[in-house]
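Have a look at the structure below before the remarks.
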Amino acid sequence: MKTRRTWRNTAKKTDSAATSFVPRVLSAAAGSLRGRAGWTVASVAVLVLGLLAVWLFVGGKQDGPPDARARQYKDFDACLLTGEQGIVTGAPAAPVWEGMQEASADTQVRVTFVPVMGEQSAANAQPFFNGLMQRQCDVVLASGAPQVKVTEDGAEKYPKVRFVVVDGTKGAGNVALVTTGKDLKSAVADAVRRAVRDAGL
């Protein structure tokens, strides 16, 4: 029994010493952060955390040249104006888009399309056409009667831009005509390639 009491008393003293040690350490740390020394410690801590953040977000990135597999595009944009269906399979503009993609693979130019939403009329297509002009597309393609009409009417105002219209009627110096049919994809691809060559790229 005496041995057991001794062990219990010893355990209590040890626990008490450990318990009282933690507050003393915290109190000492808090005391060290007061005054000029505290500002110094806080400044160092902020600096270390800042360097750690920079290393995590910047230092971890791979150095060296970009991935050779990443496609590099030329500064040239071919833009397609379509009907509300866009470029889904079976839509009139689908083969036009395929031809543009084929030309893009050969020439490394960017290709995009914009569907005219809402009423399918030249009046409604006009703002979409104007948007392509504001984006400074280098060649604009149009598929669908309203899109073709607004493109042919606007081509004269933009002599430096090349235009390709499907089933159009107003061929001009900067307007190329292509027709619907089995060769539409190839005709579009050739027209885009020609526009790229004429731009000196």
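Taking 17 Å as the straight-line reach from the Cα of residue 170, the aspartates and glutamates in range (excluding those fewer than 8 positions away in the same chain) are 152, 153, 156. Peptides 140-150, 168-178, ordered by how many other C-beta atoms sit within 10 Å of their residues on average, highest first, read 140-150, 168-178. Quick one: work out the % antiparallel among DSSP beta bridges in the range 78-200, nearest 5. Of all bridge pairs located within the range 78-200, approximately 5 percent are antiparallel. Model label sites at residue 167 and residue 130, defined 7 Å from Cα along the beta-carbon direction, differ in position by 2.7 nm.
Every read-out reported here was derived from the displayed coordinates using simple, explicitly stated rules and does not represent laboratory data. What you see is a predicted model, and the numbers here were worked out from it, not measured in a lab. A quick note on method: Cβ atoms are made from the backbone with ideal geometry, for glycine too, and the neighbour counts reach across all protein chains shown.
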